[in-house]
Amino acid sequence: MKSTLKVTINGTGFAADYTTRVYDMIPHKNRVTIEMAGVTSGTLENARTFASRHGISQAFASHQEMLAEVQPDIDNIACANHAHGPYVIEAAQAGVPIIVLEKPPVIWPGYREGQTANAETRKFQSMEYLGRVLDEVRAANSKLLYAEDFVYLDGVKGLVELLVEARRSNKGCILYQRGTCAHQGSHAPAYDTPALSGGGALFNKACHPLGPCLYLKQVEGILRDGRPIRPQKVAGMALQILKHQPKSSAEHFRVMQNVDDFGRLTVVFEDQTVAELLGHDLSISGIRNDLSIVTDFAQYDLRVNPNNENELFLPTETTAGNLLFREKLPTASGTSFPRPNQFHSHGYVNEMDDAVQCALDPTRNPQAGPMLAWDTLAVLLGGYESSEKQGALVDLSEVITARRFPENELPTPETFGSVFQRK
């Protein structure tokens, strides 16, 4: 076993910040040191500032330069969406063992060339591009961890434990899933530019609850039949709501001019079960993350953020200084529901722990892997196609089955870990 794991970070924004912080929070690995060995950004100055703030060994002017000099064990791609595909290819070609890729996996390559196309064309071309990206990962014998933090929620891990147990009683069918991710609008400068972000609320928020819904159906199928259950059809709606309201309505929100601020998806799986997902920029009270899963033996509701485990009342927010009690909370005054250890409650710690475990154990697969990245992109882009077709069901069979995934690219639910005590 290696005594030191070298980790690199691409990006210096919100995702890069929490990714870097989380590596200090993962469970203790006996006699293994995690070295934050390099960071790169759009500008070297930003990378140097970020490195100084987080105690990272060195800042680099380019991703390729960083890979060549550091030769990391784990490379975290937490930069603007348009660079995701190219950076995964660079990491794979450099022989990085574990590549952690933030959502979404890629955006439509035509954006880079200033092209326009309908959503159906964008779907097929994006999937072809993602296929080339994943081919590079496979050829290099690297492992891709698709960093959908909702998959790594303690509650999702707990449901996987329940599914494993339920199979012993011939139960474990997931019938209906519902999830939400919302807040007042991304603070990332690139978000309102499709060529940089790839889309709006449907693409960048509905993807969060979508991830665990796809993952849990994979797990259900693997546990019962040895093969994952995949999405088959999708209906979607992507709208621009705030843009068309009076200017006075914009006081508490970021108004998107070029991307959707409301997205809805209905996913039909090949076993005719259903998932419904919402992603929007219309939550005036800060971030809202939740999941509800109905099975043939139980209902499991995950109130991720907010929940009422903790309740705080402040007559005035000034006494709280710069403390943030809940992500995107606009004011601390009044009654709020603080979320201590938010990086853990949002799944980030479990997520990076999976990356470290995979780096230490060559036989381990990431729970959220290439298939999740593939199916997620297909559903999201199918959702935009459906929206262009006034919400009609779009058949995803052609793109879903266009790529085969060997066993070493599938999740292994029995090794996900436990969160419940035993009798």
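What follows is calculated from the coordinates using simple rules that are stated; it is not laboratory data. Every value quoted in this text rests on a predicted model; they were computed, and no experiment measured them. All Cβ positions, glycine included, derive from the backbone under ideal geometry; neighbour counts span all protein chains shown.
Across q = 0.09, 0.15, 0.17, 0.18 Å⁻¹, segment 151-341 modelled as identical point scatterers on its alpha-carbon atoms has Debye log10 I(q)/I(0) values of -0.40, -0.96, -1.11, -1.18, in the order of the q list. Toward the positive end of the charge dipole of the chain, about the Cα centre and with charges on Cβ (Lys, Arg +1; Asp, Glu -1), which of 124, 186, 313 goes farthest? The Cα lying farthest towards the positive end belongs to 313. Taking the Cα centroid of segment 354-410 and of segment 99-138, what is the distance between the two, rounded to the nearest whole Å? One Cα centre to the other: 13 Å. As a rough footprinting exposure proxy, the listed residues 181, 358 were ranked by other beta carbons within 10 Å of their own, and the order from fewest upward is 358, 181.
Calculated [222 nm] ellipticity per residue, helices only, for the chain: -10000 deg cm²/dmol; basis is -39500 (n - 2.57) per DSSP H run with n ≥ 4, divided by all residues, nearest 500. Evaluated at q = 0.10, 0.19, 0.21 Å⁻¹, a Debye calculation over the C-alpha positions of segment 271-423 (equal weights, vacuum) places log10 I(q)/I(0) at -0.58, -1.32, -1.38. Selection among 229, 70, 380 by position relative to the dipole of the chain gives 229 as farthest towards the positive end (Cβ unit charges, Cα centre).
Spatially, segment 307-334 and segment 158-187 are offset by 29 Å when compared through their Cα centroids. When the P(r) of segment 151-197 is calculated, the portion above 16 Å amounts to 63% of the C-alpha pairs. Taking the fewest neighbouring Cβ atoms within 10 Å as the starting point, the ordered list for 193, 415 is 415, 193. As a rough guide to protection, the peptides 110-119, 2-11 ranked by mean Cβ packing within 10 Å, highest first, stand as 2-11, 110-119.
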